[in-house]
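Asker: Structure in structure tokens, see below.
The numbers here are math on the coordinates, done by the rules we state, and not lab data. Everything numeric in this text was worked out from a predicted model, so none of it was measured. Quick reminder, even Gly has a Cβ in these numbers, built from the backbone with ideal geometry, and neighbours come from all protein chains shown.
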Amino acid sequence: MTADRTKPLLDVVLTDINTKVVQAWRSAFADTPEVTISQGSILDKRVDAWVSPTNSRGLMNGGVDAVVKHHLGAGIQLRVQRAIRDGFGGSLPIGSAVCVPSGAANPKFLISTPTMTESAQNVRETLNVALACAAAFQAIHLQNAREPGSITSVALVGLGAATGKVPAQICANLMWAGYTLFQDCAFDDYDELRATVSEQLADIEQRPAAQRVRITPPAHRARR
């Protein structure tokens, strides 16, 4: 799967109500000026898709998930859980995502990607943020492969930075890793994505907390 490099791949908006997360993004994404960073609610962003961090069962009962469910209506959880059941047998692995119609004009789609398996877990010692972020962008690849041009803009919050207890700078650096992988590579499925991210970030605990790690795509997946 390749893309036309003469066109912008995607308009990406990072937005959060947490000042520390926004500041950390500004540091981590300082050399990616094409990404828009702002402080505020994702509900205010007019884009084609919102990315909401969820749990493996798609229970939208806390954090951003609950805010999105209240805004879009209870039907959104039913659509998310149906997609999880149909595509993953009822449990969405970390490093996977589902993209469903929102039932609203803004956004057109909701992308749910788990940062944790249960409704409330501390995931600060895991790679879940990088896996979830990469999976969210992979979901956009897959959706646009099915319906070309259906998602041209997306908004994301600080994945795992609230309920998941991931420190702001680590969250920002891991999201940067997920974003740059999207810029460099598209996968045919989530299994190879998870393997690539997990293998290359396996030693992240030995690296300085402020250090970013760019994930190198497999040679047969790199964009030409």
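Asker: Under the rule of -39500 (n - 2.57) per DSSP H run of 4 or more residues, summed and divided by the residues of the chain, what mean residue ellipticity at 222 nm is obtained, to the nearest 500 deg cm²/dmol?
Answerer: So the calculated ellipticity at 222 nm is -11500 deg cm²/dmol.
Asker: Taking the Cα centre of the chain as the origin, how large is its charge dipole in debye, to the nearest 20, when only Lys and Arg (+1) and Asp and Glu (-1) carry charge on their Cβ atoms?
Answerer: So the magnitude is around 300 debye.
Asker: If r is the Cβ-Cβ distance from D86 to E192 and R0 is 22 Å, what FRET efficiency results, to the nearest 0.05?
Answerer: 0.55
Asker: I want to check the label-to-label distance for A104 and I17. Put each point 7 Å from Cα in the C-beta direction and report it in nm to one decimal.
Answerer: Spacing of the two 7 Å Cα→Cβ label points: 1.5 nm.
Asker: Next question, about the same structure. Mind running the shape call on the stretch 133-224? Use the C-alpha gyration tensor, a ≥ b ≥ c as the square roots of the eigenvalues: rounded below 1.5 for a/c, prolate if a/b tops b/c, oblate otherwise.
Answerer: In terms of gyration-tensor shape, oblate.
Asker: Around A145, with a cut-off of 13 angstrom between Cβ atoms, what is the net charge of the other residues, counting Lys and Arg +1 and Asp and Glu -1?
Answerer: -2
Asker: With point charges of +1 on the Cβ of Lys and Arg and -1 on the Cβ of Asp and Glu, referenced to the Cα centre of the stretch 11-206, which listed residue (G73, L159, L201) lies farthest in the positive direction of the dipole?
Answerer: Highest projection toward the positive end goes to G73.
Asker: Further question on the same structure: Between H70 and R146, take the C-beta separation as r, use R0 = 30 Å, and let me know the FRET efficiency to the nearest 0.05.
Answerer: Plugging the Cβ-Cβ distance into 1/(1 + (r/R0)^6) gives 0.55.
Asker: Using the Karplus equation 6.51 cos²θ - 1.76 cosθ + 1.60 (θ = phi - 60°), what ³J(HN,Hα) coupling, rounded to whole Hz, does each residue of the stretch 166-173 give in order, writing x for Gly and Pro?
Answerer: After applying 6.51 cos²θ - 1.76 cosθ + 1.60, I find 7, x, 4, 5, 5, 4, 4, 5 Hz.
Asker: Let me ask you something else. Per residue Cα convex hull volume for the chain, in cubic angstrom?
Answerer: Output value, Cα hull per residue: 109 Å³.
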